[in-house]
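Novice: Structure in C-alpha cells, see below.
Please treat every number below as a calculation from the coordinates, not as lab data. Because the structure is predicted, anything quoted here is derived from the model rather than measured. FYI the Cβ positions are ideal-geometry reconstructions off the backbone, even for glycines, and counts take in every protein chain you see.
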Amino acid sequence: MKTDVISLENKKTGTIDLNDNVFGVDVRSDILARVVNWQRAKARSGTHQVKGRGEVAATKAKPFRQKGGGRARQGTTVAPQMRGGGVVFGPHVRDHSHKLPKKVRNLGLRTALSAKKASGQLFVLESLDTKKSSTSMLAKKLKKLGWNKALLIDGKEINEKFSLAARNIVGFDVLPSHGANVFDILRRETLIITKAGVQNLEERLK
C-alpha cells in the first residue's frame, strides 16, 4: 500500500510502498492481548516474599501451659493465628514469565503495526537527521505536527543528536527497529517510523 513520506517540517518528500503482510493484516485483539500479557509478565520482578511459620525468628516452644490459663490451647508462637506468626499461602519469590510461540509474537507485532495504519495513526518520516540537538526546537515541530503522545521507531541505530533532543519530551519515545514491541506501540497514540525503520521491520517480520 502506498503511503506518503513526510519530513519534520511536515512537508511531503515522496511515497513508500508498505508491505501488506506487515502493515495490512487483520486486527485481532486476542493476539494483541496475549502478546501484551506475555510482555508484562516477563517484566515482573517477582521479588515479593513473606515469611512462613518455618522462617519466623521466634522460639518454637509452647507459649503457655495447656490447661488452667483460661485461654485457647496453643502449641507454638509462630502459628499463623498468633500475632507475629507466619503467613499462610503468602507470595514467594518466583518467575512470572511464560512461554509464547515465536509465530504468535511475530503476528502480534504485525497486528499492532496494522492497527495503527488502519486507524490513520501511522506516519512515515524521511529521516531523523538534525543539525542541532535542541529539545525546544524539536518540541515545537512535534506540536505543529500534532504528535503529543507518540512512539518513533528508527533504523538499526538512533540518530544521536535527535535522541538527545527527544529524551526530555514528555510522552515521546524513540526506539531502534529491533526494540519495536507491541506494548510500546499500543500505549502511544501515534506511531512514527522512519524509512530505515520500515525497511528493517519488514525484513524482521517477513
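Novice: Would you mind computing, in nm to one decimal, how far apart the modelled labels at ASP129 and LYS60 are, each placed 7 Å from Cα along Cα→Cβ?
Specialist: A separation of 7.4 nm, rounded to one decimal place.
Novice: Arrange the following residues from fewest to most other Cβ atoms within 10 Å of their Cβ: LYS67, LYS144.
Specialist: LYS67, LYS144
Novice: Continuing with the same structure: Could you give the size of the charge dipole of the chain about its Cα centre, using +1 on the Cβ of each K and R and -1 on the Cβ of each D and E, expressed in debye and rounded to the nearest 20?
Specialist: Numbers: 40 positive and 18 negative charges, 322 e Å.
Around 1540 debye, computed over the chain.
Novice: With charges only on Cβ, +1 for K and R and -1 for D and E, what is the dipole size of segment 50-90 about its Cα centre, in debye, rounded to 20?
Specialist: Here the size comes out at about 260 debye.
Novice: Now, a different point. Two decimals is fine: what is log10 I(q)/I(0) at q = 0.19 Å⁻¹ for the chain, from a Debye sum with one equal scatterer on every Cα and no solvent?
Specialist: Taken in order of the listed q values, log10 I(q)/I(0) reads -1.31.
Novice: Could you tell me the relative contact order of the chain? Use alpha-carbon pairs under 8 Å, at least six residues apart, and round to a whole percent.
Specialist: Details: 337 pairs, mean separation 48.9, N = 206.
Once normalised by length, the contact order is 24 percent.
Novice: Helix 102-118 versus the longest principal axis of the chain: what is the Cα-based angle in degrees, 0 to 90, to the nearest 10?
Specialist: Here the helix axis deviates by roughly 50 degrees.
Novice: If you don't mind, there's one more thing I want to ask. Just name one of MET137, PHE172, MET1: the one whose Cα is farthest towards the positive end of the charge dipole of the chain (beta-carbon charges, Lys/Arg +1, Asp/Glu -1).
Specialist: The residue sitting farthest along the positive end of the dipole is PHE172.
Novice: Of the residues GLY68, GLY86, GLY14, which exhibits the maximal mean-square fluctuation in a Gaussian network model of the chain defined by a 10 Å Cα contact cut-off?
Specialist: The residue with the greatest mean-square fluctuation here is GLY68.
Novice: Along the charge dipole of the chain, pointing to its positive end and built from +1/-1 on Cβ of Lys, Arg, Asp and Glu, which listed residue (LEU151, MET82, LEU18) has its Cα farthest out?
Specialist: Of LEU151, MET82, LEU18, it is MET82.
Novice: Please go through the residue pairs LYS116/LYS156; LYS11/LYS161; LYS11/LYS102; LYS102/LYS161; LYS102/LYS140; LYS102/LYS144 and name each one whose alpha carbons sit more than 28 Å apart in this structure.
Specialist: LYS11/LYS102; LYS102/LYS161; LYS102/LYS140; LYS102/LYS144, as the Cα separations exceed 28 Å there.
Novice: Once the Cα atoms of helix 195-205 and of the chain are each reduced to a long axis, what angle between those two axes, in degrees from 0 to 90 to the nearest 10, is obtained?
Specialist: 50
Novice: Right, next: Would you mind estimating how fast segment 50-90 diffuses translationally, via Stokes-Einstein at 25 °C and 0.890 mPa s with the Kirkwood radius over Cα pairs, in µm²/s? Working shown, then result.
Specialist: Details: Rh = 10.7 Å.
Result for D is 228 µm²/s.
Novice: Pick out which of LYS143, LYS117, LYS195 has the largest mean-square fluctuation in a Gaussian network model of the chain, springs linking Cα atoms closer than 10 Å.
Specialist: Maximum among the listed residues: LYS143.
Novice: How about LYS141: which aspartates and glutamates have a C-alpha closer than 12 Å to its C-alpha, ignoring those fewer than 8 places off in the same chain?
Specialist: GLU9
Novice: How much mean residue ellipticity at 222 nm does the chain get from its helices, if each DSSP H run of length 4 or more adds -39500 (n - 2.57) and you divide by all residues, to the nearest 500 deg cm²/dmol?
Specialist: Estimated from H runs of four or more residues: -10000 deg cm²/dmol.
Novice: What per residue convex hull volume, in Å³, comes out for segment 103-143 when only alpha-carbon positions are used? Could the numbers behind the result be given before it?
Specialist: On the way: hull volume 4.6 nm³, N = 41.
With only Cα atoms used, segment 103-143 gives 112 Å³ per residue.
Novice: So if I place +1 on the C-beta of Lys and Arg and -1 on the C-beta of Asp and Glu, and nothing else carries charge, what would the dipole magnitude of segment 110-165 be about its Cα centre? I want it in debye, nearest 20.
Specialist: Taking the Cα centre of segment 110-165 as origin, the dipole is about 280 debye.
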